[in-house]
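Below is one structure; the comments refer to it alone.
Quick note: the coordinates plus some simple rules give every number you see, no bench work behind them. No experiment lies behind these values; they were computed from the predicted model shown. Here the Cβ positions follow ideal geometry from the backbone for every residue, glycine too, while neighbour counts run over all protein chains shown.
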Amino acid sequence: MSTNQEQVRGEGSLDRPLWKLILLGLAVLLAWPIAPIFTPLKFTPQTSDVILVLGPATPTRLALADDMLEAGYSDFLLISAAEEGPGRSIPMTPTCSTPSNFRVYCKQSLPFTTQGEIGMLEELAQKNGWDSAIIVTDTAQVSRARLYAERCFSGRAVVLSDESPMSMADAAQEYVYQSAGFAKALLITTGCASN
């Protein structure tokens with residue numbers, strides 16, 4: 001074997017471990033959000049000044065909030081929903097338009113994002129003297145909502161999942177969406193929104 005052939009083989013073998021390391025790093029980076037998205041830490045709710053349902057106000061989120069109101073965890077329900085449009089907008093959300101035994105307030109946050117919803121909670125907490133909240137969302141959004149609550153809500157917040165089932169297609173979509181949301185929260189929108 002000539003010296004040139006040995007050098008080529010030698011150079012290739014040096015590149016392989018580097019590529020393996022790069023691929024391993026990429027795999028770890030892609031796997032990192034799996035646990036926070038699909039198996040967030042669970043906390044026990046405590047009596048709070050308000051229950052906030054993050055948008056979209058799905059039937060399972062609203063049912064959990066209603067159960068918590070009935071159980072006496074709070075007597076005030078704040079629903080984040082779009083002011084208009086198809087789907088789960090304020091006019092299309094029955095809880096927003098039906099009389100209730102509890103105080104219900106439906107509002108669209110600005111911006112209409114998780115960060116904006118927590119900013120809306122903080123603003124209303126300052127106006128109403130609230131210092132505690134239960135935040136209801138779906139499993140995939142719990143950790144990111146908790147991140148914003150810890151960053152932007154001055155009171156005590158417990159973020160709960162509605163435990164709604166998720167298909168494989170929904171899980172794949174949520175993985176991409178929530179991973180991008182985490183990246184945005186950690187790298188771009190590092191502050192708090194004010195409504």
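Of note:
- A helix-only calculation puts the chain at -16000 deg cm²/dmol for mean residue ellipticity at 222 nm, using -39500 (n - 2.57) for each DSSP H run of at least four residues, averaged over all residues.
- The stretch 42-115 - percent relative contact order, Cα under 8 Å, separation 6 or more: 29 percent
- Label assignment, Rg/Rh (Cα atoms, Kirkwood Rh) derived from the structure, set (1) 1.11; (2) 0.99; (3) 1.20: (3)
- Each part reduced to its alpha carbon centroid, the stretch 120-169 and the stretch 52-75 end up 12 Å apart.
- Contact order for the chain, expressed relative to its length and based on alpha carbon pairs under 8 Å spaced 6+ residues apart, stands at 23 percent.
- If you plug the beta carbon distance of THR44 and GLU150 into 1/(1 + (r/R0)^6) with R0 = 22 Å, you get a FRET efficiency near 0.80.
- Spin-label zone in the stretch 96-116 - amide nitrogen under 16 Å from a point set 7 Å from the Cα of GLU123 along the C-beta vector: 105-116
- FRET efficiency for LEU110 and ALA63, using Cβ-Cβ distance with R0 set to 30 Å, rounded to 0.05: 0.65
- Note on ALA169 and ILE188: their simple-model spin labels are 2.7 nm apart, each label 7 Å out from Cα toward Cβ.
- Paramagnetic label reach from GLU70 (point 7 Å along Cα→Cβ; backbone nitrogen cut-off under 14 Å): within the stretch 87-118, residues 101-102.
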